[in-house]
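The values are calculated or read from the model by the stated rules, or taken from the named source; none is laboratory data. Keep in mind the model is a prediction, meaning the values are calculated, not measured. As a convention, Cβ positions derive from the backbone with ideal geometry for all residues, glycine included, and neighbour counts pool all protein chains shown. For the accessible areas, the whole protein counts, side chains as well, though only heavy atoms, and no ligand, DNA or RNA atoms are used. Shrake-Rupley method; radii C 1.70, N 1.55, O 1.52, S 1.80 Å.
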Amino acid sequence: QVQLVESGGGLVQTGGSLTLSCEASGTNFRINAMGWYRQAPGNSREMVARKTSGGTTSIADSVKGRFTISRDIAANTVVLHMNELKPEDTAVYYCYAEQYLQYGSGPERRYDYWGQGTQVTVSS
């Protein structure tokens, strides 16, 4: 099964920067998309940024212009560069991976994978 290992969370002051990294392991098959989601206490999990293997990039409006995402498809890594951080960016950030698999002549199925989450806290 696919495992996602995250690193880079921590405490930073308003206006500062953090970089989150994630590496997927445990598969020899193509991962269609990788990205980052976040969840603050009492809120639902929301998409921050994601990239597909076809090159499509999605960035949440709340972080557009401040965050960038990069992906190394061959290495199965994704990196979120977080700049100009604000207190409202405080959340647990989760790495995400999406994979389509077909076993033998069976149907192709979508699988979603999640990291354990890393805390990002932005102080005012």
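Here the range 1-42 is the region considered, the condition is being outside any strand (DSSP E or B), modelled with pLDDT of 95 or more and of a type outside the set (Ser, Thr, Tyr), and the residue that is surrounded by the fewest Cβ atoms within 10 Å (Cβ to Cβ) is GLY15. One residue stands out in the range 84-109 among those that are charged (D, E, K, R) and in a loop (DSSP other than H, G, I, E, B): the one that is most open to solvent (accessible area, probe 1.4 Å), namely GLU108. Within the range 61-83, the residues that satisfy the criterion of being touching a residue at least 60 places away in the same chain (Cβ under 8 Å), farther than 22 Å from ARG30 by Cα and open to solvent by 20 Å² or more (accessible area, probe 1.4 Å) are HIS81, ASN83. Here GLY65 passes the criteria (1) modelled with pLDDT of 95 or more; (2) within 15 Å of the chain's Cα centre (by Cα) except the one numbered (2). Would the range 113-122 turn up any residue that is open to solvent by 70 Å² or more (accessible area, probe 1.4 Å) and over 18 Å from the mean Cα position of the chain (by Cα)? No, the range 113-122 contains no residue that is open to solvent by 70 Å² or more (accessible area, probe 1.4 Å) and over 18 Å from the mean Cα position of the chain (by Cα).
Of all residues in the range 77-111, those being modelled with pLDDT under 95 and either of a type in the set (A, V, I, L, M) or within 16 Å of LEU20 (Cα to Cα) (or both) number 1. For the range 76-85, check the following and say yes or no: at least one residue is more than 15 Å from the chain's Cα centre (by Cα) and under 20 Å from LYS51 (Cα atoms). Yes, the range 76-85 has at least one match. Could you say whether any residue in the range 47-60 is open to solvent by less than 20 Å² (accessible area, probe 1.4 Å), touching a Gly at 6+ places or on another chain (Cβ under 8 Å) and either among the hydroxyl-bearing types (Ser, Thr, Tyr) or not in a loop (DSSP other than H, G, I, E, B) (or both)? Yes, there is a match, as at least one residue in the range 47-60 is open to solvent by less than 20 Å² (accessible area, probe 1.4 Å), touching a Gly at 6+ places or on another chain (Cβ under 8 Å) and either among the hydroxyl-bearing types (Ser, Thr, Tyr) or not in a loop (DSSP other than H, G, I, E, B) (or both). Scanning the range 86-113 for residues that are within 20 Å of THR57 (Cβ to Cβ) and hydrophobic (A, V, I, L, M, F, W, C) gives CYS95, ALA97. If the condition is being polar (S, T, N, Q) and part of a strand (DSSP E or B), then the range 70-83 contributes SER70, THR77. Quick one: is GLU108 of a type in the set (Asp, Glu), under 25 Å from VAL12 (Cβ atoms) and more than 11 Å from the chain's Cα centre (by Cα)? So GLU108 fails the test.
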